[in-house]
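First comes the structure, then the notes that go with it.
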Amino acid sequence: MAGLLAGGPDDILDELNLTAPKTWDELYTVLKAMKARYPNVYPFSDRWSKPNPAGNLLNILAVSYGLQGAGWNFQHTSWDATAKKFVYTGATEQYKQMLQYLNKLVSEKLLDPESFTQADDQARQKLANSKSFVISANAQAVVNDYRPDLAKTNPKAKIVKIPLPIGPAGEVNPANRLENGVMISSKARDSKNFVAMMQFIDWLWYSDAGQEFAKWGVEGKTFVRDASGKPTLAPDVNVIGLHPNAPKHLQKDFGFYNGVFAYGGKPELVQGFFSPEEQEFQKVMNARTPVVVPPPHPLNDEEREQASLWETPLRDHVYQATLQFALGQRDFAQWDAYVTELKGKNMDSYLDLVNKAYERYQKDHR
């Protein structure tokens, strides 16, 4: 789960007598304090801006504002539970407020404008060289990227992964049960091995034994069990920094813990490789309300083809305007004009298509 990481020289939160921010407003206050102490630094310089501008930052902000997703998880529509209909994400008041927040950070030099387009290595170098103090993070990035980077330049620096800041939508957990799954081609039915294939898929992805195998590997070779029967990584095997000096790697040398096969499962399996720090992070996030899953609205083949023709120009225009508004290249007085531009790119027709599909599904499944 991607969140934010805050830290800096020895450590800036302690230095400024600050606590980790719990809301986006508190993050703004923390960034202001960092800027006051280090005026020549952008306190927040982010990564994961490819292939979409500010990919992770926009996505976690969008969820905090009650939207379905933005950035690298841009969703054309978000569900309006009050109106009982889908609205166009990039044209909503929530999206506007999100961009106004980002624009405030950029205009006050709290957020590096290069965050929207820079390569990951640039963002990492800035953090490692104390040119920034806040960056997007997940469990792997903390262990594999940031701490090794800082160990080379500032061994005394401390960093902490903070839970997703709370926004107007309240304490939400962006993870949902529809994050991943298995799709099987209809051609599989014609295979002479169809039954065996389905049995294998059922075992590997859905049985306790199969999920354990995909994640942990072979008992006695890549993992051992403690007295209670709980799997633990073999001492000569490393993954995500658990045994940093081990000669073998669970993924690189054995091929296990591959995200294509080892995903989901019981909490104890999912969190088996989490450090105590990450488990505490997960505990906080799992206590929050899961993000609302939008109701089904399947399109038929003809509708899907038409929607695809509309989606690309709509998405491209949202990305372009997102950068312009966030970076101050376009005034928010032009927001209505921007929405009109989306209408000119068939936004209303697209919404009509989606909402009719929703209504049809509701009618067919009463």
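No lab work stands behind these numbers, since they all come straight from the coordinates. Quick caveat: nothing in here was measured; it's all calculated off a predicted structure. With ideal geometry, Cβ positions are generated from the backbone for all residues, glycine too; neighbour counts draw on all protein chains shown.
Annotation: amide H-H contacts under 5 Å for Phe223 (H modelled 1.01 Å from N, sequence separation of 5 or more, or interchain): Val218, Ala234. Loop-resident GluC sites (Glu not before Pro) (DSSP state other than H, G, I, E or B) in segment 240-293 with no more than 14 further Cβ atoms inside 10 Å of their Cβ are absent. Couplings for segment 79-84, taken from phi via the Karplus curve 6.51 cos²θ - 1.76 cosθ + 1.60 with θ = phi - 60°, read 8, 9, 5, 6, 7, 6 Hz in order; Gly and Pro are left as x. DSSP assigns beta bridges within the chain; of those with both partners inside it, close to 70 percent run antiparallel. Gyration tensor analysis over the Cα atoms of segment 1-143 returns equivalent ellipsoid semi-axes of 28, 16, 13 Å (largest first, whole Å). Entry for segment 227-334 at q = 0.11, 0.22 Å⁻¹: log10 I(q)/I(0) = -0.75, -1.19, Debye formula applied to identical alpha-carbon scatterers, no solvent contribution.
Between Trp310 and Ser349, the modelled label-to-label distance comes to 0.8 nm, taking each label 7 Å out from Cα in the direction of the beta carbon. From largest to smallest, the equivalent ellipsoid semi-axes obtained for segment 155-208 from the alpha-carbon gyration tensor read 42, 18, 10 Å. Working note: Cα gyration tensor of segment 182-289, eigenvalues times five, square-rooted, sorted largest first, giving semi-axes of 28, 19, 13 Å. Using R0 = 25 Å, the C-beta based FRET efficiency linking Leu299 and Arg189 works out to 0.60. Rounded to two decimals, the Cα radius of gyration of segment 268-312 over 2.2 N^0.38 Å is 2.05. Check Ala137: other-chain or 5+ apart residues with amide H under 5 Å from its amide H, H built from backbone geometry? Under 5 Å from the amide H of Ala137 lie the amide H atoms of Gly3, Leu4, Leu5, each far enough along the sequence or on another chain.
Simple spin-label model, 7 Å along Cα-to-Cβ: Val260 to Ala209 in nm? Going by the 7 Å Cα→Cβ label model, 2.4 nm.
Derived scalar couplings between HN and Hα for segment 349-366 equal 5, 5, 5, 4, 4, 5, 5, 5, 5, 4, 5, 5, 5, 4, 5, 6, 10, 7 Hz in order, rounded to whole Hz, by the Karplus curve 6.51 cos²θ - 1.76 cosθ + 1.60 (θ = phi - 60°), x for Gly and Pro. Over 20 Å, how big is the tail of the calculated P(r) for segment 85-186, in percent of all Cα pairs? More than 20 Å apart: 59 percent of the Cα pairs in segment 85-186. Taking Cα centre as origin and charging only the Cβ of basic (Lys, Arg, +1) and acidic (Asp, Glu, -1) residues, the dipole magnitude of the chain rounds to 220 debye. Counting every pair of alpha carbons in segment 35-98, the share spaced more than 14 Å apart comes to 60 percent. Dipole of segment 1-151 computed with +1 at Lys/Arg Cβ and -1 at Asp/Glu Cβ about the Cα centre; of Ser136, Gln100, Ser49, farthest Cα towards the positive end is Gln100.
Helical runs (DSSP H, four residues minimum) scored at -39500 (n - 2.57) apiece and divided by the length of the chain put the mean residue ellipticity at 222 nm at -12000 deg cm²/dmol. Computed from phi, the 3J(HN,Hα) profile of segment 244-250 under the Karplus parametrisation 6.51, -1.76, 1.60 (θ = phi - 60°) reads x, 9, 5, x, 10, 10, 4 Hz, with x in place of Gly and Pro. When you restrict to C-alpha pairs under 8 Å that are six or more residues apart and normalise by the size of segment 286-366, the relative contact order lands at 52 percent.
Our summary of shape: the Cα atoms of the chain have principal axis extents of 65, 64, 32 Å, ordered from largest down, in whole angstrom.
For the chain, set up a Gaussian network in which alpha carbons nearer than 10 Å are linked by springs, and say which option among Val292, Val87, Val270 fluctuates the most. Most flexible of the set in this elastic network: Val270.
Residues whose amide H comes within less than 5 Å of that of Thr23, counting only those at least five positions distant or on another chain, are Ile166 (H built at 1.01 Å from N in the peptide plane).
Legend: P(r) of segment 277-345 from all alpha carbon pair distances, 5 Å bins from 0, whole percents, reading 3, 12, 13, 12, 11, 12, 15, 13, 7, 1. Under the criterion of Cα pairs below 8 Å and six or more residues apart, the relative contact order for the chain equals 20 percent.
Find which of Leu27, Gly264, Ala81 sits farthest along the positive direction of the dipole of the chain, computed with +1 on the beta-carbon of Lys and Arg, -1 on that of Asp and Glu, about the Cα centre. Checking the options against the dipole of the chain, the answer is Gly264.
Partner lysines whose Cα lies under 27 Å from the Cα of Lys96, excluding those fewer than 8 positions away in the same chain, are identified as Lys22, Lys32, Lys35, Lys50, Lys84, Lys85, Lys104, Lys109, Lys343, Lys345, Lys356.
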